[in-house]
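A quick write-up on the structure given underneath.
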Amino acid sequence: MLIIKILHLIVALVVIAGVLLQSGKSAGLSGVIDGGATSIFGKKKGLDEKLGRLTTIAAIVFMITSLVLAILI
């Protein structure tokens, strides 16, 4: 039970970090500040894809651990 709680906490932190580290769609103020530099220099697509995949997997593990904790408690 304690192991599941610790895993749940770690996965929650990974989900939070993954969401915060993902780049936006260049909409709003961030697109204005950028000034279109990403169209000239490009974006790091590989890193964004890996980070998105990691966030998705962490979110699925978070849901599973949430269900397990809800059933056990």
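At-a-glance table
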item: Two-site label geometry, I64 and L21: point separation in nm, points 7 Å out along Cα→Cβ; result: 2.1 nm
item: Peptide ranges 56-69, 1-14 listed from the most packed, as the mean C-beta count within 10 angstrom indicates; result: 56-69, 1-14
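Bear in mind that the values in this text are calculations on the coordinates, not laboratory data. Values in this document were obtained by computation on a predicted structure and should not be read as measured data. A quick note on method: Cβ atoms are made from the backbone with ideal geometry, for glycine too, and the neighbour counts reach across all protein chains shown.
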